[in-house]
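So the structure is just underneath, and the comments pick up after that.
The values are calculated or read from the model by the stated rules, or taken from the named source; none is laboratory data. This is a predicted model, so every value here is computed, not measured. No Cβ is skipped: glycine too gets one built from the backbone with ideal geometry, and neighbour counts run over all protein chains shown.
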Amino acid sequence: MCGITGFLDLAAETPRDELSALATSMAATLAHRGPDARGAWVDPAAGIAFGHARLSIVDVSTAGAQPMLSASGRHVLNYNGEIYNAPDIARELERAGTRFRGHSDTEVLVEAIEHWGVDATLARCNGMFAFAVWDRERRQLLLARDRLGEKPLYYGWRGRTFLFGSELNALRAHPRGDFAVDRDSLASFLRFATVPAPFSIYEGVHKLAPGHLITVTAADPPGSGEPKPYWCVFDAFQQRTHADMPDAELVEALDTLLRDSVKIRMRSDVPLGAFLSGGIDSTTVVALMQDQSTEPVRTFTIGSTNRTYNEADAAHEIATRLETRHTELVVTAADAQAVIPRLPEIYDEPFADSSQIPTFLVSQLARGDVTVSLSGDGGDETFGGYDRYRYLPRVLRRREHVPQWARLAASNVIDAVPPRVWDSLARPLPMRVRPRIPATKAKKFAAINRLGTPAEMYEELVTYWSDPDAVVVGGEAPSLLVDRPDDWPRIAGLENLLMALDTVTYLPDDILVKLDRATMSVGLEGRVPLLDHRVVEFAAGLPATVKVREGVGKWPLRAVLRRYVPDELVSRPKSGFGVPIGQWLRGPLQPWASDLLAPDRLRRDGYLRPEPIERMWSEHRAGRRDWEYQLWPVLMFQAWLDGSKTSPPVPAVDYVVASE
């Protein structure tokens with residue numbers, strides 16, 4: 001796991017020493033992603049420079065150092081990630097005559113590209129990755145990103161210079177990295193609480209979409225290069241390859257597949273563990289790890305002093321049952337709040353999923369003992385875990401017999417009820433059905449109840465600000481897949497359609513950004529077995545009725561888990577580690593928020609109109625409405641804007657590997 005960066009300058013006029021120093025300084029901004037070593041490779045005649053920050057996981061010797069040249073010297077690889085089936089690919093290459101100098105997956109990847117080319121290599125690779133490879137013979141730069149988007153990759157043209165990097169700070173470290181905030185992307189950020197691919201918060205800088213690659217040739221004009229896909233999850237959903245598989249056969253096949261997915265992600269030359277939340281996804285991962293391990297697996301959980309938001313008891317019970325070596329940290333509200341000032345630095349561009357806080361805390365906890373940690377992320381999108389997969393079809397069925405006037409009247413009544421009343425009504429409910437923010441859930445229901453089509457309802461469910469253009473000065477949110485139902489794939493079953501949409505939008509833009517930045521900020525490699533593309537393709541080929549049964553999601557995953565733990569540990573609800581941002585904004589965070597949301601400050605910055613924000617902030621403080629989901633993105637942008645005005649510190653350089 002590492003940080004990569006570099007550039008191709010079509011002018012090719014910079015001397016070697018300056019190129020090397022520049023690539024190294026860009027890589028230094030990624031030191032948190034790769035704290036173990038630094039490297040650079042340059043070719044002044046071509047104007048190409050690679051910078052690398054290394055987190056040593058497999059083959060920790062200098063034989064795994066990057067950037068890495070192929071044995072022939074034709075290809076140069078700058079790579080972030082893990083190729084989990086690298087041993088299998090290596091054996092295939094050895095049969096073809098390749099001789100390896102070490103045993104790193106980096107060397108396997110660059111020699112595979114040398115032997116088969118990029119397209120055939122990508123088809124063989126099972127892993128998470130973002131890489132740049134320079135073909136010295138063709139004078140061609142190619143960038144690629146893994147199928148699901150576990151690893152990030154930004155790129156963009158500045159004049160005649162093509163820049164790329166794992167994070168935006170690396171691009172900003174280049175002399176031409178004086179980027180302006182993209183107001184259209186800011187509008188999208190307010191809408192979704194994250195900047196969706198292919199956009200970034202900066203004008204002219206893009207995210208390479210998951211399952212895509214882009215090629216830039218030195219002979220081409222500036223601005224050239226269009227991303228093209230090499231894999232799309234929609235294909236697997238449309239094929240429905242396992243539609244008629246009997247239950248027993250299905251569970252056996254999935255068990256075998258998951259065991260292998262976990263097994264190959266346990267390969268490491270450094271200490272390894274797992275996040276354990278007590279939910280179905282992480283419990284399945286840990287159960288399969290422990291069943292294939294000769295010693296207790298290291299597991300990590302954070303708990304809360306607020307019992308409403310605590311998941312540590314469930315995790316402890318599972319850890320005891322599986323006999324893992326368990327570490328638990330009880331976090332106070334003050335501990336969690338202390339993370340907030342660091343969020344703009346950790347997340348690199350504005351990001352406002354408040355579960356970013358516990359994700360960072362558990363990553364920080366795990367890093368004290370291990371360098372690699374497996375997680376259960378991806379299970380909700382892959383196996384139908386989110387409420388909306390059950391909730392939306394149910395709403396559509398039940399309202400068929402309700403007149404429109406009655407639906408609208410009900411929505412108006414719901415909107416008129418103050419948040420504290422919803423809190424009181426929800427308090428007697430069992431934890432398994434009690435919403436974390438009752439008023440917000442009620443208002444969301446009122447909103448979708450007014451709408452006509454499933455597409456309109458889905459758009460409402462994934463939206464924070466419904467009209468961000470009215471808030472962002474000079475901004476207009478670009479049209480995205482969520483806005484264009486005519487472009488949606490033809491997939492049988494509304495539940496499966498929603499899962500497919502979430503897999504290409506919410507998963508890479510939110511969930512995987514959260515995991516990547518939180519883990520890499522402390523130099524921890526996060527691995528996600530449930531996003532092995534074989535597992536994703538298998539699940540996509542199942543009918544929705546198999547994944548969501550009798551109102552309960554993840555049936556196949558639960559069936560596998562029952563092979564390893566008692567049913568009572570499978571059937572109970574997951575409480576989750578929530579963060580009561582809305583409450584904190586009325587309490588200890590109020591001075592901080594009031595400063596960032598001050599109307600004069602908003603006018604001075606010139607990005608956001610203060611009037612709608614001030615109205616929401618006033619209503620939220622008074623308890624008349626709960627605007628947590630609208631205010632948090634504004635606060636995260638304002639905090640990020642403060643941080644982005646200062647260039648990041650540049651750590652010391654460990655070493656430089658220069659070209660011949």
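Every listed requirement among (1) within 21 Å of ALA112 (Cα to Cα); (2) buried (at least 24 other Cβ atoms within 10 Å of the Cβ) is met by ASP135 save one, (2). Of everything listed in (1) touching a residue at least 40 places away in the same chain (Cβ under 8 Å); (2) closer than 18 Å to PRO67 by Cβ, the single unmet condition for MET128 is (2).
Across the stretch 544-561, what is the total count of residues that are part of a loop (DSSP other than H, G, I, E, B) and either under 28 Å from the mean Cα position of the chain (by Cα) or modelled with pLDDT of 95 or more (or both)? Of the residues in the stretch 544-561, 4 are part of a loop (DSSP other than H, G, I, E, B) and either under 28 Å from the mean Cα position of the chain (by Cα) or modelled with pLDDT of 95 or more (or both). Once the stretch 370-420 is narrowed to residues that are of a type in the set (A, V, I, L, M) and in contact (Cβ under 8 Å) with a residue 60 or more places away in the chain, the residue that is surrounded by the fewest Cβ atoms within 10 Å (Cβ to Cβ) is LEU396. Taken over the stretch 284-336, the criterion of being buried (at least 20 other Cβ atoms within 10 Å of the Cβ), under 24 Å from the mean Cα position of the chain (by Cα) and part of a helix (DSSP H, G or I) is satisfied by THR284, VAL285, VAL286, ALA287, LEU288, MET289, ALA312, ALA315, ALA336.
No other residue among ASP335, ASP281, ASP313 is of a type in the set (Asp, Glu), in the same structural domain as SER363 (by TED's automatic domain parsing) and within 25 Å of LEU635 (Cβ to Cβ) apart from ASP335.
Filter the stretch 594-644 for residues that are at pLDDT below 95 and aromatic (Phe, Trp, Tyr); which is nearest to the chain's Cα centre (by Cα)? If we take residues in the stretch 594-644 being at pLDDT below 95 and aromatic (Phe, Trp, Tyr), then TYR629 is nearest to the chain's Cα centre (by Cα). Pairing each residue of the stretch 96-108 that is without any contact (Cβ under 8 Å) to a residue 60 or more places away in the chain with any residue that is among the small types (Gly, Ala, Ser) and surrounded by 15 or more Cβ atoms within 10 Å (Cβ to Cβ), provided the two are 6+ apart or on different chains, yields C-beta distances under 7 Å for PHE100/ALA90; GLY102/GLY64; SER104/GLY64; ASP105/ALA86; THR106/GLY64; VAL108/ALA86; VAL108/ALA90. Considering the stretch 1-98, the qualifying strands (runs of 3 or more DSSP E), each wholly inside and each with 3 or more residues that are over 27 Å from the mean Cα position of the chain (by Cα), run over 37-43. For ASP509, the conditions (1) touching a Lys or Arg at 6+ places or on another chain (Cβ under 7 Å); (2) assigned to a helix (DSSP H, G or I) all hold with the exception of (1). May I ask you to say which residue of GLU226, GLU203 is modelled with pLDDT under 95, surrounded by fewer than 19 Cβ atoms within 10 Å (Cβ to Cβ) and touching a strand residue (DSSP E or B) at 6+ places or on another chain (Cβ under 9 Å)? It is GLU226. Only residues that are crowded, with 22+ Cβ neighbours inside 10 Å and either touching a Pro at 6+ places or on another chain (Cβ under 9 Å) or modelled with pLDDT under 95 (or both) were counted in the stretch 171-186, giving 3. If the condition is being polar (S, T, N, Q) and farther than 16 Å from VAL552 by Cβ, then the stretch 381-425 contributes GLN404, SER411, ASN412, SER424.
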